[in-house]
Amino acid sequence: MPTPSRLDRPAVDAGSATIAAANLLSAAARSGTPCAPVRDLIGADDVAAAYAVQERLTAERLAAGATIVGRKIGLTSPAVQRQLGVDQPDFGVLFDDMRCEQDIPVPLSRLLQPKVEAEIAFVLAEDLVDGPLDEEQVRGAVDYAVAALEIVDSRIAGWDIAFGDTVADNASSGLFVLGTQRRTLDEFETVSARMWMSIDGECVSTGTGAACLGDPLLALAWLARTTRDFGQPLRAGQIVLSGALGPMAAIEAPGTVTADITDLGSVTVSFVQE
């Protein structure tokens, strides 16, 4: 699929840049045709502008009937940062219709340019609104952890993204799957947890909890503080995908992805061609 030319887009002034970027990404999602990068509109590293686009797209989803069920942290693994050419984490929104069940295959037609990464997901028992929101506090707020697969996707053609592009595009979110084996944080160690991910039995990614900002709980603390700063604090019952434990793997054909994480068991998702 050819990459759209940036020269094909009309010039916009600063006041309409957020709307123009959101419209491009929204149209790409609806049509299934990736768009050109939006960084020429909002800047490659303008954090406020990028999150303004994300918030506008979130408002559109909510107005259409979607429900927020949690958040995702992206770009936590050095391996993934190198893959995408970025150097800091970001966050996105998890909606109810993004959650998939392990026993229901995912049609590839639901996605544009999918990649999969294995993560530890946390489900919160308490709001994270007040206090220092440090590692100790967020640890106490976690109800349980489960193994997870995040199916990342990009509305930007060819994954040609800078930090501003991926943030605006809801942190390149797609779908997610949760495992069934729940563990409290007294029952396993997040830092030393080891991950092995395969596609049709062939290993495509390995890693540990230490690859996720040094500890997935540190990633959760970062998210709690950052979302509070944005006026959108984490709430009890929400799901948090804490970030990749190893490199992403592209999904280019039907197949089955399985990840095993120490003490959390396995999680799997199958992709089919309709």
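The values are calculated or read from the model by the stated rules, or taken from the named source; none is laboratory data. Please read these numbers as outputs of a predicted model, since none were measured by experiment. Neighbour counts run over all protein chains shown; Cβ positions are idealised from the backbone, glycine included. What goes into the accessible areas is simple: the full protein's heavy atoms, side chains included, and nothing from ligands, DNA or RNA. Shrake-Rupley method; radii C 1.70, N 1.55, O 1.52, S 1.80 Å.
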1.4 Å probe accessible area per residue over the stretch 156-234, in Å² = 38
With a/c under 1.5 counting as rounded, go ahead and sort the chain into rounded, prolate or oblate using the C-alpha gyration tensor (a ≥ b ≥ c being the square roots of the eigenvalues; past the cut-off, prolate if a/b is larger than b/c, else oblate).
-> oblate
Counting only DSSP beta bridges with both residues in the chain, what percent are antiparallel, rounded to the nearest 5?
-> 85
Over the stretch 157-242, calculate the relative contact order: mean separation of alpha carbon pairs under 8 Å at least 6 apart, over the residue count, as a percent.
-> 16
Would you mind computing the Rg to Rh ratio of the stretch 34-145 from its alpha-carbon coordinates, Kirkwood style for Rh?
-> 0.97
Among ALA162, LEU185, SER172, whose Cα sits farthest toward the positive end of the charge dipole of the stretch 151-218 (+1 at Cβ of Lys/Arg, -1 at Cβ of Asp/Glu, about the Cα centre)?
-> LEU185
Roughly how many Å is it from the Cα centre of the stretch 169-186 to that of the stretch 209-231, as a whole number?
-> 14
For GLY237, list long-range residues whose amide hydrogen, built 1.01 Å from N in the peptide plane, is under 5 Å from its own amide hydrogen.
-> LEU124, ALA125, GLU126
Which residue, MET98, MET195, MET248, has the most motion in a Gaussian network model of the chain that connects Cα atoms within less than 10 Å?
-> MET98
Checking ASP153, ASP229, ASP165 against a Gaussian network model of the chain (alpha-carbon springs below 10 Å), the top fluctuating residue turns out to be ASP229
With a ≥ b ≥ c the root eigenvalues of the C-alpha gyration tensor of the stretch 145-233, is it rounded (a/c under 1.5), prolate (a/b larger than b/c) or oblate?
-> oblate
